[in-house]
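Undergrad: Have a look at the structure that comes next, please.
We did not get these values from a lab; they are worked out from the coordinates using the rules stated. What you are looking at is a predicted structure, and each value in this text was computed from that prediction instead of being measured. Here the Cβ positions follow ideal geometry from the backbone for every residue, glycine too, while neighbour counts run over all protein chains shown.
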Amino acid sequence: MKEPEYLAYVFRDDGEIPNNEILPLVLYPGILNDFIDRMNKVFLRKGWDGIWIGTVFDYHHYHSTAHEVLGVVSGHATIQFGGKHGREIEVSPGDVVMIPAGVGHKNNGSTQDFRVVGGYPEGQDRDLCTGDPSERPEVLHNIRAVPLPTTDPVFGEEGKLLDLWAIK
């Protein structure tokens, strides 16, 4: 694979969705175009597991106990990251998004055939949080406690994720 082009975004706590002010969301546009039918295997080989195939929920949600990778397998979508006042990002087949724990995401519209492969760093298991005020004290603690992954889900021991998340 070639040296990755990437985009990085930091989302601040909006009072409802905690987001992650330290770790940026990282998008590799089209990086796995040649591996669309094998994204799950790429992620597994790079130490990301808990693999699932599906879509992105159409409501704001986040995970406080795990970082998440999404690889777009088919279709197109507009995903809003960072909560109600966050950024909408268009994703398409071959794109890979690494979402730090706490960063909100919501499917704001997609084609009928939109599918992603998702996964988590080895040893991490996700919860599902929606920004309910009763969640807040626990999730803030959880997000701070989530360990950094040891590998990039696309490039393993290389890749921009390791630099941007200061893992090296």
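Undergrad: Once you put a point 7 Å from the Cα of E138 and another 7 Å from the Cα of D113, both along the Cβ direction, what distance in nm separates them?
TA: 4.1
Undergrad: Mind jotting down the distance between the C-alpha centroids of the range 154-168 and the range 1-58, whole Å?
TA: 12
Undergrad: Follow-up question, since we're still on this one. Would you please give the residues with an amide H less than 5 Å from that of G109, counting only those at least 5 places away or on a separate chain, with H modeled from the backbone geometry?
TA: For G109, the qualifying residues are T78.
Undergrad: In whole Hz, what ³J(HN,Hα) sequence does the range 151-162 give by Karplus (6.51, -1.76, 1.60; θ = phi - 60°), x for Gly and Pro?
TA: After applying 6.51 cos²θ - 1.76 cosθ + 1.60, I find 9, 7, x, 9, 10, x, 7, 10, x, 5, 4, 5 Hz.
Undergrad: What is the packing order of peptides 36-46, 131-141, taking the mean over residues of other C-beta atoms within 10 Å and listing the highest first?
TA: 36-46, 131-141
Undergrad: Sticking with this one: Can you give the Rg and Dmax of the range 50-157 based on its C-alpha atoms, in angstrom?
TA: 13.6, 38
Undergrad: Per-residue HN-Hα couplings for the range 74-79, Karplus 6.51 cos²θ - 1.76 cosθ + 1.60 at θ = phi - 60°, whole Hz, x for Gly and Pro?
TA: 8, x, 9, 8, 10, 9
Undergrad: If I take R0 = 22 Å and measure r between the Cβ atoms of H61 and I36 in this structure, what FRET efficiency does the formula 1/(1 + (r/R0)^6) give, to the nearest 0.05?
TA: 0.30
Undergrad: Treat each spin label as a single point 7 Å out from the Cα along the C-beta direction, and report the D49 to E88 distance in nm.
TA: Rounded to a tenth, the inter-label distance reads 3.9 nm.
Undergrad: Next question, about the same structure. Give me the percent relative contact order of the chain, please, defined on Cα pairs under 8 angstrom at least 6 residues apart.
TA: Taking the mean separation of contacting Cα pairs over the length of the chain, I get 30 percent.
Undergrad: Sort the following peptides by mean Cβ neighbour count (other Cβ atoms within 10 Å, averaged over residues), highest first: 50-56, 99-105.
TA: Most protected by this proxy first, the peptides run 99-105, 50-56.
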